[in-house]
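The values are calculated or read from the model by the stated rules, or taken from the named source; none is laboratory data. Because the structure is predicted, anything quoted here is derived from the model rather than measured. Virtual Cβ from ideal backbone geometry, glycine too; neighbours counted across all protein chains shown. In case anyone asks, the SASA skips ligands and DNA or RNA and just uses the protein heavy atoms, side chains included. Shrake-Rupley method; radii C 1.70, N 1.55, O 1.52, S 1.80 Å.
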Amino acid sequence: MKVVGPLIVVLALVGIAWCCTEYLHWYALFGLVIPYVAFALFIIGLIVRIVRWARSAVPFRIPTTCGQQKSFSWIKQAKLDNPSSKAGVFGRMVLEVLTFRSLFRNNKVEKRDSKLGYTSAKWLFIGALLFHWSMLIIILRHMRLVLDPVPQFFQILEQADGFLQIGLPLLYISDVLIVVGLGFLLARRFAIKKVRYISLSVDFFPLFLLLGIAISGIIMRYGFRVDVAGVKEVMLGLVTFHPVPADQLSTILFVHLFLVCTLMVYFPWSKLMHAPGVFFSPTRNLANNSRAVRHVNPWNYPVKVHTYAEYQEEYGEKMKSVGLPLDPEVVSTNG
Amino acid sequence: MAKVPPEKELVSYSLKPDTTAEWMDTPTEFREGMFCHAAKPKDLETVDFPFPHKWSPSDEDWGLPENWKEIILDGMKDRLDKYRSFRLFMDVCVRCGACADKCHFFMGTGDPKNMPVLRAELLRSIYRRYFTTSGKLFGKLVGARDLTEDVLKEWWYYFFQCTECRRCSAFCPYGIDQAEITIMGRELINLLGLNTEWISGPVANCYMKGNHVGLEPQTIVSNIEFLMEDLEDITGKHIEPSFNRKGAEILFVVPSGDYYADPGIYTFMGYLLLFDHLGLDYTLSTYASEGGNFGFFTTNEMAKRLNSKIYAEAKRLGVKWILGGECGHMWRVMNQYMDTWNGPADFLEVPKSPITGTVFENAASTKMIHITEFTADLIYHNKLKFDKSRNDHLVVTYHDSCNTARAMGLLEEPRYILKAICNNFYEMPEETIREKTLCCGSGSGLNAGEDMELRMRGGFPRAEAVREVRDKYGVNTLTNICAIDRASFPALMDYWVPGVRVAGVHELVANALILDENDDRQLDMRMEELPSAVAKREAEAARAAEEAAKAAEAQSDGEPKEGDAE
Ligand code: HEM
Ligand code: SF4
Ligand code: SF4
């Protein structure tokens, strides 16, 4: 159920977009209204969620330290895994976000009778990197559809991505890798028992959706061969708020676009928020310097304590009996 | 104390758990030996905790107040606003499973609900149901479920099968820290008076008497005097410890286990021998007689209430700075919480070693340093002379306690000391030390007697690593800088790796420390003969035997002579 359900939903989304444009010709709805609404919901959702996180306090400085602290000049500090300065934290975050450093640390424990063994486990790390980096490159490549003229950076990126020079149109490596990456991530959700056990329908849904987006994109490029110039005209119209009719575009484009719109609406309310979330993580984005620089808790409040005066009052006689000094100042103030 | 099944039975689990039923449909079975006794009402009353009442975890009816659900949900709401960690960790997990096999409780039980990600989902499923739109609308479809008494019991069972060790957090790509979630979960449970006896008892003790074990001032003094007598027998030095003394330079705070129970006491003797040797101007306090903080295992507020004594006492006594003993969770608190709770400590000075002149800038604000920092600095500056061979009877490995490793990063200081004081030091496998260190299985208030099976299971991965170095290098000593380790490892070693003793780093420091040129000690801190003494005795015995043999030869008529028997 948790697998089939999301798959059916994604297939239904494809079907809806197909029928509504191919047969009902609701071009304005799918080429204009839905993209605008979806984008607006995406931005609003992002802001709502991020503001909600930002408004939660960070009462304590609780980095997870994964290396040697800063103490003496003669003991080498792990500046990235146990940062004590803003620069160190920045470095740690860059590595987390761009290279999934913590995931790189991954290992696998195996049990044989009464022995445990630890083996390297880098597949998740590799699969995750493949998928995320291809997606980043693909998103950047899409910028040529909404920018005119296309800045040189994006042109170079596109050439680099197609450097294999296979086929016509040129095969983008990122297209292959994103499908491989997503396929791998999906496969491990089935194959690894523990992972299947913890998976929810909402873990399968984004994978199917992203696969849907990637595959429909690939079909457009290598199968149906949509009219890219026409697409660009429509997209430019959308982003400059001078929309042009989208009637000419092929149905598969509408499917692709509709899935992307779904992703945009879904994103802020789902686990995909891990993307902005990672920047907010208090176990990663804080320096381990709370002994050197005081961290202030915005909601710190006074608490009831058992004071020395009370202690001395209760145990004064016993303290005297073993020659412990009594504090005269405390006694006098306590009446 | 609950009986622990034999080793064979304990290791018969699989790390590929049976996952045919969904976890939400798998009821929680309270297994004897895997949980602690319920909190006693009087202990909760001592610290004004809500809903003190008599109950037992194995009861059907936990005596919950009528509006318990409301209390829990209000409590969640409150904490979601107060702790970004909590809100974020509820939101961003992608269930990639990287953390799944990183928890020693999963590794030692094979229970899938001990995978950190699932432990979090126990709470997250409730968060979704009551605090997210999708959860309200789609329920189970999106991993949401209703809050019921069974869920509450499940929380209780599994949040007291987490030692808040943060190992999972080191491996999570977003740093999701199940310790944070467990801390929140325990706070919530606490709102209903559902703590454990082993935690709330020490909390009440510490609040009233200043230390977990509940020693009153006269007993602390006599205990320590008793230890000093032993120390005098060993070293010939008479040491007068100082208590509650105004005007001392340093307030020295240790976990109470160190002056209370074997083998912590040997570490304590080590501290005081070192201080006496240095002529350090320090004082102990009977009021702030606990460095550890079991309050941290109930609520943030309680932890702060207990912790307040340390700065208050430092201020009353007018000391310049604070030195802390070997303890794990104590140092989580000192490093990441104390200054925020009860600071600023502007009445103190930045710690400065009176011996080396080193100024500890890394503690410029809290004004408190760790004793291994202090001692490592002494060694670096050649202020101490050691006879390493005095530790030659020990083949040593070192266990990083979770908190000093993953909530501080105190990794090299103790190793630096160990390498200076003993000849035989071996590391356990790379994947089980430093930031990847494996918990003793008894942290965060789980070191009771009635949950012994849980402790043996949770500690199994650590014990297994010790066994590896025992078999490979003959390791017979597991050193550490944590009072809970010292309290819990002996049982763990007896069960899994018999023959391995447990010792604090400063016990070994004291063994090796050369006090003066006349220091020809024969005994170590445990009053066992030092290797040199054994060698000397054996050599003498051999010589005596040889001489006796010669004498016997000379007297060839063979009259039996007295004292020849051996
Ligand atoms: C700052 C940007 C991002 C970072 C650092 C990041 C990091 C990660 C990491 C470390 C994982 C866990 C490994 C894995 O399961 O693959 C993951 C999973 C995932 N990410 Fe991201 N991500 C980012 C942005 C995004 C975006 C923008 C999307 C999609 C729109 C996305 C979609 C996913 C999905 C679907 C998974 C789950 C894969 C699975 O089911 O196994 N990520 N991400
Ligand atoms: S490693 Fe982090 S993101 Fe992955 S399942 Fe565990 S808690 Fe969730
Ligand atoms: S904090 Fe430690 S004990 Fe708790 S879930 Fe994580 S790894 Fe397990």
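Summary of computed values
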read-out: Failed item in (1) facing chain B (nearest Cβ under 8 Å); (2) open to solvent by less than 70 Å² (accessible area, probe 1.4 Å), with residue A:266 passing the rest; value: (1)
read-out: So residue B:131, is it away from ligand 1 (no atom under 16 Å from the Cβ), within 30 Å of residue A:113 (Cα to Cα) and aromatic (Phe, Trp, Tyr); value: no
read-out: Condition met for residue A:79 (within 16 Å of ligand 2 (Cβ to nearest atom) and open to solvent by 20 Å² or more (accessible area, probe 1.4 Å)); value: no
read-out: Failed item, numbered, when residue B:140 is tested on (1) within 12 Å of chain A (Cβ to nearest Cβ); (2) surrounded by fewer than 23 Cβ atoms within 10 Å (Cβ to Cβ); (3) not in a helix (DSSP H, G or I); value: (3)
read-out: Residue B:109 vs. criteria within 10 Å of another protein chain (Cβ to nearest Cβ) and more than 16 Å from ligand 1 (Cβ to nearest atom); value: no
read-out: Residue in segment B:215-238 that is away from chain A (no Cβ under 14 Å), touching a strand residue (DSSP E or B) at 6+ places or on another chain (Cβ under 8 Å) and not in a helix (DSSP H, G or I) present; value: no
read-out: Test: residue in segment B:189-211 that is part of a loop (DSSP other than H, G, I, E, B), within 13 Å of chain A (Cβ to nearest Cβ), within 14 Å of ligand 2 (Cβ to nearest atom) and at pLDDT 95 or above; value: no
read-out: Segment B:1-43, residues that are β-branched (Val, Ile, Thr) and more than 14 Å from chain A (Cβ to nearest Cβ); value: B:4, B:28
read-out: Selection status of residue B:99, in contact with a Pro (Cβ under 6 Å, 6 or more places away or on another chain), modelled with pLDDT of 95 or more and either within 16 Å of ligand 1 (Cβ to nearest atom) or among the charged types (D, E, K, R) (or both); value: yes
read-out: Flag for residue A:117 being of a type in the set (Gly, Ala, Ser), open to solvent by less than 30 Å² (accessible area, probe 1.4 Å), in a strand (DSSP E or B) and away from ligand 1 (no atom under 16 Å from the Cβ); value: yes
read-out: Subset of segment B:514-551 that is touching a strand residue (DSSP E or B) at 6+ places or on another chain (Cβ under 8 Å) and open to solvent by 60 Å² or more (accessible area, probe 1.4 Å) - its residue that is nearest to residue B:235 (Cα to Cα); value: B:522
read-out: Lone unmet requirement of (1) at the interface with chain A (Cβ under 10 Å from one of its Cβ atoms); (2) among the charged types (D, E, K, R); (3) assigned to a loop (DSSP other than H, G, I, E, B) for residue B:305; value: (3)
read-out: Residues being in a loop (DSSP other than H, G, I, E, B) and away from ligand 2 (no atom under 16 Å from the Cβ) - total across segment B:148-179; value: 4
read-out: Selection count where residues are in a helix (DSSP H, G or I), touching a residue at least 24 places away in the same chain (Cβ under 8 Å) and over 10 Å from the mean Cα position of the chain (by Cα), scope segment B:481-499; value: 6
read-out: Output for segment B:44-101, where each listed residue is open to solvent by less than 20 Å² (accessible area, probe 1.4 Å), away from ligand 2 (no atom under 16 Å from the Cβ) and within 14 Å of chain A (Cβ to nearest Cβ); value: B:47, B:76, B:80, B:83
read-out: Evaluation of residue B:182 against (1) part of a loop (DSSP other than H, G, I, E, B); (2) within 14 Å of chain A (Cβ to nearest Cβ); (3) under 23 Å from the mean Cα position of the chain (by Cα) (one fails), failing number; value: (1)
read-out: Condition met for residue B:134 (within 13 Å of another protein chain (Cβ to nearest Cβ), more than 20 Å from residue B:487 (Cβ to Cβ), within 16 Å of ligand 3 (Cβ to nearest atom) and of a type in the set (Gly, Ala, Ser)); value: no
read-out: Residue in segment A:144-177 that is nearest to ligand 2 (Cβ to nearest atom), counting only those that are part of a loop (DSSP other than H, G, I, E, B) and small (Gly, Ala, Ser); value: A:162
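Results for (1) touching a Gly at 6+ places or on another chain (Cβ under 8 Å); (2) within 16 Å of ligand 1 (Cβ to nearest atom); (3) in contact (Cβ under 8 Å) with a residue 60 or more places away in the chain, shown as yes or no for each residue.
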| position | (1), (2), (3) |
| --- | --- |
| B:141 | yes, no, no |
| B:165 | yes, no, yes |
| B:178 | no, no, yes |
| B:188 | yes, no, yes |
| B:198 | yes, no, yes |
| B:203 | yes, no, yes |
| B:215 | no, no, yes |
| B:230 | no, no, yes |
